[in-house]
């Protein structure tokens, strides 16, 4: 199997040349950004954390560990939401696009690690 290449990119930064297929993984569309500017293959809204979890987390680093556990539980219960990303990652590099300001504490970080674990275990 190929080495997995799953990158992260903020929705407000211009796409790079070597990012492979780009997927928006937020439940909410990033403000003020057009679909063309994002350069995405697909918006996978349902792979993002639920509205209740997103509101509870509120991008508070103090809640990061608990958010990670809760979001991973949501992903476990919703394989059909992340399966398109797993399938795409098997065929080449992909980039998970997110809108959060914090590059270390956002759902794309959790999702990338989750996908790497799932795909490495197979």
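Observations, loosely collected:
- The one condition in (1) in contact (Cβ under 8 Å) with a residue 40 or more places away in the chain; (2) assigned to a loop (DSSP other than H, G, I, E, B); (3) surrounded by 12 or more Cβ atoms within 10 Å (Cβ to Cβ); (4) out of contact with any strand residue (DSSP E or B) (no Cβ under 8 Å at 6 or more places or on another chain) that residue 31 fails to fulfil: (3)
- Looking only at residues in segment 17-28 that are touching a residue at least 24 places away in the same chain (Cβ under 8 Å) and loosely packed, with under 14 Cβ neighbours inside 10 Å, the one that is farthest from residue 86 (Cα to Cα) is 28.
- Unmet requirement for residue 82, which otherwise passes all of (1) out of contact with any helix residue (DSSP H, G or I) (no Cβ under 6 Å at 6 or more places or on another chain); (2) assigned to a helix (DSSP H, G or I); (3) closer than 23 Å to residue 120 by Cα: (1)
- Condition met for residue 16 (more than 15 Å from the chain's Cα centre (by Cα) and more than 14 Å from residue 112 (Cα to Cα)): yes
- One residue stands out in segment 61-71 among those that are surrounded by fewer than 17 Cβ atoms within 10 Å (Cβ to Cβ) and either under 27 Å from residue 39 (Cα atoms) or without any contact (Cβ under 8 Å) to a residue 12 or more places away in the chain (or both): the one that is farthest from the chain's Cα centre (by Cα), namely 62.
- Residue check: residue 97 meets all listed conditions (1) within 23 Å of residue 3 (Cβ to Cβ); (2) assigned to a helix (DSSP H, G or I); (3) under 14 Å from the mean Cα position of the chain (by Cα) but one, namely (2).
- Any hit, segment 37-45, residues being in contact (Cβ under 8 Å) with a residue 60 or more places away in the chain and touching a strand residue (DSSP E or B) at 6+ places or on another chain (Cβ under 9 Å): no
- From 14, 49, residue being part of a loop (DSSP other than H, G, I, E, B) and modelled with pLDDT of 95 or more: 49
- In this structure, residue 87 does not qualify as in a helix (DSSP H, G or I), under 15 Å from the mean Cα position of the chain (by Cα) and in contact (Cβ under 8 Å) with a residue 12 or more places away in the chain.
- For segment 85-114, the set of residues classified as over 21 Å from residue 16 (Cβ atoms) and surrounded by 17 or more Cβ atoms within 10 Å (Cβ to Cβ) consists of 86, 105, 110, 114, listed by residue number.
The values are calculated or read from the model by the stated rules, or taken from the named source; none is laboratory data. None of these values were measured; they are calculated from a predicted model. Glycine also receives a Cβ, built like all others from the backbone with ideal geometry; neighbour counts cover every protein chain displayed.
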